[in-house]
Amino acid sequence: MAFAPVGPEASFFEVLDQHRASLLAALRTGGGEPADGGTRLASRFEDSVGLQMVPHCTRRKIKSDSPKSVKNFALILKILSIIYKLVQSNTYATKRDIYYTDSQLFGNQTVVDNIINDISCMLKVPRMSLHISSTSKGLIAGNLRYIEEDGTKVHCTCGTTAVAVPSNIQGIRNIMTDAKFLLIVEKDATFQRLLDDNFCNRMSPCIMVTGKGVPDLNTRLLVKKLWDTFHIPVFTLVDADPHGIEIMCIYKYGSMAMSFEAHNLTVPAIRWLGLLPSDIKRLNIPRDTLIPLTKRDQMKLDSVLKRPYVTCQPFWRKEMEIMADSKMKAEIQALTFLSSDYLSRVYLPNKLKFGGWI
């Protein structure tokens, strides 16, 4: 059953359709963005996957008879025993649940998180296969329907109320959409503002997702599943600052911490729609609406510029160099200087219609 079209005329999506055709052609030929030749760190970059572990990376040994690692060894065994019971009983627990089974023993949540990542990496299986589920914080809206694992039918809408990202992405089925594109929005406040401005409806058919900042595992899995299933163009809307760029890179290329699960999480076809540092000058956004880069921002920006995937993204590098030269950053809300609804009525529609992404 198709969705009733309520958005712009078909001609509006002409450039988007051409972009999708080029993405499909690249998939058929097995092509991707030019690789950089690899890197000899704990992870490497592959253009069709993102960051992933190198075959012979440095390994850390934990011995039961070593005074330095005996506690960590015991904690690993403790969590393995919990995982064994979960698998045997076919039940699931969150990392937080596991921490509270013996909070005094573990000390803090980070210890549990790191051990679970180590176990996933060691056994070469995704976290869900260990029966460890993630708490979803993301939201989704737009042209999408699916059935959850327990049979619940979910009908996302273009209204002002979004749907929570499911806690078991692998379990959803019968996914349906007519969407022309998927827009990942960095911040919840911007996501809600777009819904309030009726952007999702006016740009229908489309899908909007937010991870409310740094995305949780389920939000990343959902974006990946939608890309693998429908191969529609995926764009990001983030602040023109190093933190926003970092978040966009997590969706597109993954992270060092989860590089062992890159095949299940990354969408290298993602494009940067906005806010671009070059847009700040092009739109004559006043300098007093901008924010100076902090020392931490500059360190983050320098770190991103040194990453292997930036070498195959010359347009991204140019935008980051503009930011570095100006020593200024801008939030998406800076566009409200032009008008309160400039983002939803002018900026994004023009970007989508005329191909203003990189």
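Look at (1) closer than 22 Å to LYS306 by Cβ; (2) assigned to a loop (DSSP other than H, G, I, E, B); (3) open to solvent by 30 Å² or more (accessible area, probe 1.4 Å) and you find that PRO268 fails only one, number (3).
Answer yes if at least one residue in the stretch 308-321 is of a type in the set (Asp, Glu), within 30 Å of SER11 (Cα to Cα) and open to solvent by less than 30 Å² (accessible area, probe 1.4 Å), and no otherwise.
Kept after step one, since they are of a type in the set (Asp, Glu), are these residues of the stretch 308-321: 319, 321.
So of that shortlist, the ones also within 30 Å of SER11 (Cα to Cα) come out as 319.
In the following step, the residues that additionally are open to solvent by less than 30 Å² (accessible area, probe 1.4 Å) were identified as 319.
Scanning the stretch 308-321, I find at least one residue that is of a type in the set (Asp, Glu), within 30 Å of SER11 (Cα to Cα) and open to solvent by less than 30 Å² (accessible area, probe 1.4 Å), so the answer is yes.
Residues of the stretch 204-222 that are farther than 30 Å from PRO126 by Cβ and either in a strand (DSSP E or B) or open to solvent by 10 Å² or more (accessible area, probe 1.4 Å) (or both): PRO205 alone.
If the requirement is being closer than 22 Å to THR266 by Cα, touching a residue at least 40 places away in the same chain (Cβ under 8 Å) and over 22 Å from the mean Cα position of the chain (by Cα), which of these qualifies: ILE172, ILE132, ILE119?
Result of the check over ILE172, ILE132, ILE119: ILE119.
So if I check each of LEU130, LEU86, LEU80, LEU139, which one is more than 30 Å from VAL223 (Cβ to Cβ) and surrounded by 13 or more Cβ atoms within 10 Å (Cβ to Cβ)? Steps first, please.
Details: LEU130 fails: more than 30 Å from VAL223 (Cβ to Cβ); LEU86 fails: more than 30 Å from VAL223 (Cβ to Cβ); LEU139 fails: more than 30 Å from VAL223 (Cβ to Cβ).
It is LEU80.
Return the only residue of ASP188, ASP178 being surrounded by 13 or more Cβ atoms within 10 Å (Cβ to Cβ) and either within 17 Å of THR229 (Cβ to Cβ) or not acidic (Asp, Glu) (or both).
Numbers: ASP188 fails: either within 17 Å of THR229 (Cβ to Cβ) or not acidic (Asp, Glu) (or both).
It is ASP178.
Please indicate, with yes or no, whether at least one residue in the stretch 147-160 is crowded, with 20+ Cβ neighbours inside 10 Å and not in a helix (DSSP H, G or I). Scanning the stretch 147-160 turns up at least one residue that is crowded, with 20+ Cβ neighbours inside 10 Å and not in a helix (DSSP H, G or I).
With respect to (1) within 30 Å of SER120 (Cβ to Cβ); (2) crowded, with 16+ Cβ neighbours inside 10 Å; (3) not small (Gly, Ala, Ser), the lone exception for MET299 is condition (2).
The values are calculated or read from the model by the stated rules, or taken from the named source; none is laboratory data. All figures in this text were calculated on a predicted structure; none of them were measured in a lab. Ideal geometry is used to build each Cβ from the backbone, glycine not excepted, and the neighbour counts take in all protein chains shown. Side chains are part of the model used for accessible areas, which takes the heavy atoms of the whole protein and leaves out ligands, DNA and RNA. Shrake-Rupley method; radii C 1.70, N 1.55, O 1.52, S 1.80 Å.
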